[in-house]
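Here, each number is a calculation from the coordinates, and none is a lab measurement. Predicted, not measured: the structure shown is a model, and the values here were computed from it. Ideal geometry is used to build each Cβ from the backbone, glycine not excepted, and the neighbour counts take in all protein chains shown.
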């Protein structure tokens, strides 16, 4: 077995955390952007969807060309981190209206496609065994990176919106440097030496790969819409109960709770298997979706417990689905398999965001707080294939 320095996983985690901090920067500074650029009431879904659409375009491009399998993943990670950071920071000077803002968020998302799934590929190249635990830490880093911009806007430590963009961009570049200088390509990397037209067909031929991916697709219907609209959910409760909440800080803490859940799920998967961990947390977060319309009846303490439980369970299935997908994919196409399944998952997230935003702002029975019921469809659709995977036996 090839030797693996103990510092490798912490450095991959730090690099992933730094790179993915670019993701929700636009959401964290959205109030200032809405005022400065005169954005519409649908700004949350538009800004978030712009990143998603860019990410989808990036993952499809990277997957179609099999870049993570044909070339050095750490070099791809570094290049994407620098390019994503540049697209993030130029908003300060070049974003003059909604259209230009969305273009730069789209481009940022495009290059995040070379950070998030490529980071998982790098981890898979270093960890042949214990991948579920490694990806649990790695996805925990992604979650912290996602939540990080909200912390920078916390009223107890509030940075000007331009400073938030500069800090997250510098942080992303630092993450890329760490990856290329101190991590390097892993010993289990299987290089695909040429472009393969049949790569997608080869990947989708695996029944178990499809079952694991289908569970992930249901999970993605819920995840980013919950994260994107969490500040508005907190605002709804604050107005309904006439209480003052530190919304940026709570948004950070609730999203970050998923980081702890992902790490814990990684350890539990060592004993029970990734499929059982993924199914359990998908079920719990789905239940949270269906009881969410009742939250205005909760006292503050119960409301916060409910949200932290939701935040804790909404994301730990992601690294376990990624583990299953990586293990059931052809070894020489592992990077492409991880990238294409991310592309489909984030396409579903984009559709969810757009539908949810319009339903949330509607005056019908599903408007406002009741809109969160829609997120439960993810568990309804995603759980059955995962349960079939578990019953089939021989799952990781």
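So the values come out like this:
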| item | result |
| --- | --- |
| Most to least packed among 46-55, 261-270 [average Cβ atoms within 10 Å] | 46-55, 261-270 |
| Sorted by Cβ density within 10 Å, fewest first, the residues 292, 15 | 292, 15 |
| Spatial separation of Cα centroids for region 103-132 and region 1-57, in angstrom | 12 |
| Viscosity 0.890 mPa s, 25 °C: Kirkwood-radius Stokes-Einstein D of the chain over Cα pairs, µm²/s | 118 |
| Convex hull volume per residue in cubic angstrom - Cα atoms of region 238-353 | 122 |
| Euclidean distance between Cα centres, region 348-396 to region 243-308, Å | 15 |
| Cβ-based exposure ranking for 359, 118, 243, 89, in which fewest neighbours within 10 Å come first | 243, 359, 89, 118 |
| Order of 69, 357, 125, 317 - criterion: other Cβ atoms within 10 Å of each residue's Cβ, fewest first | 125, 357, 69, 317 |
